[in-house]
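Notes for the one structure printed next.
The values are calculated or read from the model by the stated rules, or taken from the named source; none is laboratory data. Fair warning: this is a prediction, and the values are worked out from it, not measured in the lab. Quick reminder, even Gly has a Cβ in these numbers, built from the backbone with ideal geometry, and neighbours come from all protein chains shown.
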Amino acid sequence: MAGALELMRKYVRLPARERAVLTRTIITLGAARLAMWILPFPVGRRWLVGKRRTKSPTITRDQITWAMAQARRVVPRATCLPQALAAEALLTRGGLAADLQIGVMKTEAGKLLAHAWVESEGRIVVGDLPDLRAYTRLPTLPSVWPGSR
């Protein structure tokens, strides 16, 4: 309970712009988590991303990186794929390029691991890992709305 109160205090003390970005990120991440649970991946992805809404950016990559780091602490089971989907949606709706990436690797014990991340303009926005180069990158998923870039 004390932890939740401290989180609320920190949230209330944020400047209005940061609070708005964080609120939008938490809602989008929660929706991504829910979509992953009840919808087929392509349908959920299209529903989340929607159509690009603006010609000029309304949110920055840094804001998304910061907000996702906070949001994943309060959204249950917000693993890399829901985070990547939410980041793709926030970037795309915010007028920025977004490339959803998925990679796989095999551990020494033979276990297959997968990881999702989002790149924008050649920079990892969400999902960076110290050993990301160990993952074999699968082909980049095509844009939800072809010709939207």
**Message:** Here's a check for you: in segment 81-97, which residue that is in contact (Cβ under 8 Å) with a residue 40 or more places away in the chain and part of a loop (DSSP other than H, G, I, E, B) is nearest to Ser143 (Cα to Cα)?
**Reply:** Ala97
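Which members of segment 32-52 meet the condition of being loosely packed, with under 14 Cβ neighbours inside 10 Å and in a loop (DSSP other than H, G, I, E, B)? It would help to see each step written out before you state the result.
Step one: filter segment 32-52 for residues loosely packed, with under 14 Cβ neighbours inside 10 Å, giving 37-38, 40-43, 50-51.
Matches in segment 32-52: Pro40, Gly50, Lys51.
Take segment 69-105 and flag every residue that is charged (D, E, K, R) and under 13 Å from Val126 (Cβ atoms). Show your work before the answer.
Just the residues of segment 69-105 that are charged (D, E, K, R), to begin with: 72-73, 77, 88, 93, 99.
The answer is Arg72, Glu88, Asp99.
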**Fill in**
Of the candidates Val118, Val104, the one satisfying the condition of being closer than 22 Å to Leu141 by Cα, at pLDDT 95 or above and surrounded by fewer than 20 Cβ atoms within 10 Å (Cβ to Cβ) is Val104
**Request:** Would you mind telling me which numbered condition in (1) of a type in the set (A, V, I, L, M); (2) crowded, with 24+ Cβ neighbours inside 10 Å; (3) over 23 Å from Pro15 (Cβ atoms) Leu90 fails?
**Result:** (3)
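Within segment 112-145, can you find the residues that are assigned to a strand (DSSP E or B) and among the small types (Gly, Ala, Ser)?
Residues of segment 112-145 assigned to a strand (DSSP E or B): 112-120, 123-126, 136-137.
Correct list: Ala114, Ala116, Ser120.
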